[in-house]
Structure formats: C-alpha cells, structure tokens
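> Shown below is the structure under consideration.
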Amino acid sequence: MLRAAALTESEGIPSASIIGSGFVRQAELVMRGLGLPLGMGVYPGAPMLDSEPELQRKVNESLGPGLLAALTTRTAIQDESVREPAPGDVVFDGSFDEIQEHFHRNRWTDGLPIVPPTPSRVAAFLSFTARASDEVLRIVPQESREATIHSIAVNGVMAGCRPEYMPLLIAIVEALCDPHFRLEDAGSTPGWEPLVIVSGPIARELDFNYGQGVLRVGRRANTSVGRFVRLYLRNVCGYRIPPGSGDKASIGQSFLVALAEDEACARAIGWPTFAMERGFSHQDNVVTVQSIVAMTSPLYSSGAAAEEHVRHWADVMAQSFAYWSHNGFKRGGWYPLIVAGPGIAEVIAGEWSKDDIRRCLQQNMRVTVDRILHYARMTSTPTFSFEQLVREGVLPPHYAESDDPKRLVPMIIDPDTIGILVAGDPDRNQSRCYMSNHLQGAPVSRRVALPAGWRAT
C-alpha cells in the first residue's frame, strides 16, 4: 500500500494510508527505504477481531483523526540508519566465537552460526563468475539496498555454499529480482517461503539430492542453497523478524532446502522434465523460484491405473488447499506444485501425459461457493464476491453462472499453472503437493550461466 501511495505522491497527489498498529514499524522501514515521508492513519489492533461498535469507536477516535492529520501535515522520516560497510570492508576482526556474536548483534545471521565471509573466501566465490562484483541486479525491498554480485558472494559464503555454486546463486537472485516474482511481498503475514528448483546437468554435478529425503536438510548443496535464499532476504532485502521489522510473517516457516528433479526418471518414462516444460532444453542448467505457503500431508497412492492416482491427488489437494484458494480467486490465479514419487510417476506416465493430469485435477478439485465465502470472511475479505470478480475480468464467466451457494467451482483456475516434477523415494508410493501464495512468489526461471572452464570440485 505504501508503494502505491509513493507513486501517487510522485504525481503530486497527497495520500494517506490505513495501517494496522501491528504494521507501523514495518511501514516506517518501508518509508525509510523509499526515502519518502508518507502519511498514515493507524487503526489500533486488528479490525477483524473487533465488534462493529468497537470498530466504529476506533475509527472515530484514532483512524479518522490520524488520516486527516496525515493529509494535512507530514512528519519527517526518523533517521535510524547507521553507516553500512562498503563492499570489501573488513567489518570485524576477532576469534570465530567473537565473529558469531558480532554478526548476531547486527542481525546479519539467521540465528545459526555462519561461515565468516573473509576477503579470501568471498574472492573464491567471485572467481566463479566473469561478472563485475559491483554490478547491481536491482534495488531490492524493503530497505532499498543494492543487490550486487558481491553481496551474493558474501551471503553464499555465510550460508555454507561451495564457491562453484556461485553461478547458480546469481541465477537465483536474478529470478528473485524479476518483477513477476513480487519480491516486495515476501514479508507478508502468511509467511510464505521461496522454494528453489534446480534443473539440468548441474544438479548431478553439484551433488543435489533428488531421491529419498529430497527436502530434508543433510545434503550440502540442497541445504546451503536453501539457506542462502533466506539469508539473502534478511541481510540484503531486510526481511527480519523481531527485533527487526521488515518481515511480518505471523507464524512463518523455516527456509526450504533446494529441490532437484530426478530428470533421468522423467525422461525414462517419457515425460518432459520440469525445466523443459518451462521452455528450456534438457541440457540447460536452470533455477526456478516460487513461493510455498502450504503443503499436503504425505500423499500415498496405490494402483496400476493413472486415474486412480490422480483422482486421489485431486481429493487430497482439494481438502488441503480449499481454505487458502479464496486468495487465488481474488487475484485470478495460484501455482500448485506436484512432486511425484518416481514409482507413481511411472505408473501414471504409462497412460497419461502431464497435461492429462492437469485436466483431471482441474475437473476434480472443486469447492462450494459458500465455503469460499466463509473462508474469505474469516481471513479479511467479507465483501468477497465471485460475481464481482467475474465483472472485473479476474475470473472467467463460469464462476458466476449461478447464484446457488452450494454450487461447485473449480479450485484450479488455469490448469497450465500446475507444475509437475519427479523426485523422492523410488521405492515408495508417496508424492507431495505444494501451494503458492496466490500470485505472490509466482514461478520465475533463469538459465544458469557457467563461466568458461567451470567445473564442480
């Protein structure tokens, strides 16, 4: 909201934003990042938890006067900035334990010990790219800091990555910086987390796990690359939980280890790989990032027919994702991701293509309208209306073809948004499905550019 206000102010139109009191510190951080003193009216507490009389009282006594004052006066931004180290500065000199404490005090860690980013370690990472260390990929929210090649190397060291991961780390940050990903929403209250999907020969060359335990910590490549993303969001973007203020995840989740696909299995059963479906060849090295806000329980399925498995997926996914799907309806989309166990994928591929799976899921994942209205009201949207969303062109006409509150509507708005890849334990009948946070953290892919002579050690 403040970024929209900044845009109107830049056009000479005064603005005042409505902010819940729990978001004031985050708003102040965003304002400092934008460099603009923006007006705010503050609502005390969460309006969704107040009775109608209490809501009216707070509007009359606090929010209304605050908005009026914000439109007529401007308070200068309180400067809480401290001098930041320049690239290459030695920020501390001490023992290993003293370094850990220094980094913790400055909120430069994720709570775990880090690898000290000494000049020699950072230089080793930079030796795996031909790009200038001071190249700026983007000015990133919340604190309007420059995302540079150097900052990628520093956080890669701290996360425990190996120097040869550097081209992959650069591609990840490039994907995060893509406007389609909506990095500015990474500190929202649902607490979604970016998931990195690694595709191509580099997954094997860097020893990524794509088999049993694929999303467990334990394999260095998967774990350190996943940790790198969270460190980068904290240290460069400014998404910090208290005592920081940039990350408003109400409960949140921990970082996700990077996911790789069992591409040999996918090709053997006749399916295109995940990266091939995103427009790359099987020889390209690719990273994809997307948000994850929820997942199914372990999804076991049995049988020798494709339809048995996929209809079971649809049943479990509909149960798991029905509640949060109202947010997808409001924005016109969301991005399911299916990690199919190799054995199950082989059974399905014997009869069906990936597009057959998508069609089956769209036809069978359904929810009643009255449930969606209830879920939207419980969250923060008592005015949710399928009819209004159809009139605005957010949803196709069939979502409003009846006024029966018990009618079923498809949870999948566009089957092409379903991502499918093969990974996990080849000796078990388990898959798992994941949900994005509607259009926040939409999937973005980048080719990994390896410098001449690159090789894994």
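The values are calculated or read from the model by the stated rules, or taken from the named source; none is laboratory data. Keep in mind that this is a model prediction, so the values were computed, not measured. In this analysis, Cβ positions are derived from the backbone assuming ideal geometry, glycine residues included, and neighbour counts consider all displayed protein chains. Quick note on the areas: whole protein, heavy atoms, side chains included, nothing else; ligands and nucleic acids left out. Shrake-Rupley method; radii C 1.70, N 1.55, O 1.52, S 1.80 Å.
> Being more than 25 Å from G211 (Cβ to Cβ) and not in a strand (DSSP E or B) is the filter here, so list the residues in the stretch 429-438 that pass it.
Listed by number, the list holds a single entry, H438.
> V409: over 30 Å from C177 (Cα atoms) and open to solvent by less than 10 Å² (accessible area, probe 1.4 Å), yes or no?
Against the criterion (over 30 Å from C177 (Cα atoms) and open to solvent by less than 10 Å² (accessible area, probe 1.4 Å)), V409 qualifies.
> Restricting attention to the stretch 148-162, which residues are more than 16 Å from P113 (Cα to Cα) and open to solvent by 10 Å² or more (accessible area, probe 1.4 Å)?
T148, H150, S151, R162
> Answer with yes or no whether G191 is surrounded by fewer than 24 Cβ atoms within 10 Å (Cβ to Cβ), under 21 Å from the mean Cα position of the chain (by Cα) and under 30 Å from M435 (Cα atoms).
yes
> Sticking with this one: Quick check: is even one residue across the stretch 190-204 within 27 Å of W334 (Cβ to Cβ) and of a type in the set (D, E)?
Checked the stretch 190-204: at least one residue is within 27 Å of W334 (Cβ to Cβ) and of a type in the set (D, E).
> Restrict the check to the stretch 353-364 and report whether at least one residue is open to solvent by 60 Å² or more (accessible area, probe 1.4 Å) and more than 30 Å from R267 (Cα to Cα).
no
> Here's a follow-up. If you take the residues of the stretch 269-309 that are of a type in the set (S, T, N, Q) and under 24 Å from G252 (Cβ atoms), which of them is most open to solvent (accessible area, probe 1.4 Å)?
Among residues in the stretch 269-309 that are of a type in the set (S, T, N, Q) and under 24 Å from G252 (Cβ atoms), the one most open to solvent (accessible area, probe 1.4 Å) is S297.
> In the stretch 284-315, how many are in contact with a Lys or Arg (Cβ under 7 Å, 6 or more places away or on another chain), part of a strand (DSSP E or B) and under 26 Å from A186 (Cα atoms)?
4
> Follow-up. Quick one: in the stretch 439-450, which of the residues that are touching a Lys or Arg at 6+ places or on another chain (Cβ under 9 Å) and in a loop (DSSP other than H, G, I, E, B) is surrounded by the fewest Cβ atoms within 10 Å (Cβ to Cβ)?
This residue is A449.
> Give the residues of the stretch 171-219 that are farther than 30 Å from V30 by Cα, of a type in the set (D, E, K, R) and not in a helix (DSSP H, G or I), sorted by residue number.
Matches in the stretch 171-219: D207, R216, R219.
> Something else about it: Name the pairs whose Cβ atoms lie under 9 Å apart, with the first residue in the stretch 83-100 and within 15 Å of A147 (Cα to Cα), the second open to solvent by 90 Å² or more (accessible area, probe 1.4 Å) and in a loop (DSSP other than H, G, I, E, B), and 6 or more positions between them or separate chains?
P87/D134
> Can you find, within the stretch 210-231, the residue that is farthest from M158 (Cα to Cα) among those that are open to solvent by 20 Å² or more (accessible area, probe 1.4 Å) and in contact with a Pro (Cβ under 9 Å, 6 or more places away or on another chain)?
My answer is Q212.
> Name the helices (runs of 4 or more DSSP H) wholly within the stretch 17-119 that hold at least 1 residues that are of a type in the set (V, I, T)?
Once the helices (runs of 4 or more DSSP H) in the stretch 17-119 are filtered for at least 1 residues that are of a type in the set (V, I, T), what remains is 24-34, 64-72, 96-105.
> Does A249 satisfy the criteria of being part of a helix (DSSP H, G or I) and surrounded by fewer than 22 Cβ atoms within 10 Å (Cβ to Cβ)?
It is false that A249 is part of a helix (DSSP H, G or I) and surrounded by fewer than 22 Cβ atoms within 10 Å (Cβ to Cβ).
> To continue, here is another question. Could you tell me whether the stretch 159-170 includes any residue that is closer than 18 Å to L34 by Cα and touching a residue at least 60 places away in the same chain (Cβ under 8 Å)?
For the stretch 159-170, residues closer than 18 Å to L34 by Cα and touching a residue at least 60 places away in the same chain (Cβ under 8 Å): absent.
Here is a yes/no grid of residues against (1) among the aliphatic types (A, V, I, L, M); (2) at pLDDT 85 or above; (3) in contact with a Gly (Cβ under 8 Å, 6 or more places away or on another chain):
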{"site": "M1", "(1), (2), (3)": "yes, no, no"}
{"site": "A6", "(1), (2), (3)": "yes, no, no"}
{"site": "S15", "(1), (2), (3)": "no, no, yes"}
{"site": "I18", "(1), (2), (3)": "yes, yes, yes"}
{"site": "L49", "(1), (2), (3)": "yes, yes, no"}
{"site": "R57", "(1), (2), (3)": "no, yes, no"}
{"site": "L67", "(1), (2), (3)": "yes, yes, yes"}
{"site": "T109", "(1), (2), (3)": "no, yes, no"}
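> List every residue pair whose Cβ atoms sit under 6 Å apart, with the two residues 6 or more apart in sequence or on different chains, where the first one lies in the stretch 123-141 and is within 18 Å of R455 (Cβ to Cβ) and at pLDDT 95 or above and the second, anywhere, is open to solvent by less than 60 Å² (accessible area, probe 1.4 Å) and among the β-branched types (V, I, T).
none
> Can you tell me how many residues within the stretch 40-60 are out of contact with any helix residue (DSSP H, G or I) (no Cβ under 8 Å at 6 or more places or on another chain) and among the acidic types (D, E)?
Of the residues in the stretch 40-60, 2 are out of contact with any helix residue (DSSP H, G or I) (no Cβ under 8 Å at 6 or more places or on another chain) and among the acidic types (D, E).
> Can you name the residue in the stretch 235-244 that is assigned to a loop (DSSP other than H, G, I, E, B) and open to solvent by less than 20 Å² (accessible area, probe 1.4 Å) and is also farthest from I292 (Cα to Cα) among such residues?
Filtering first and then ranking leaves G244.
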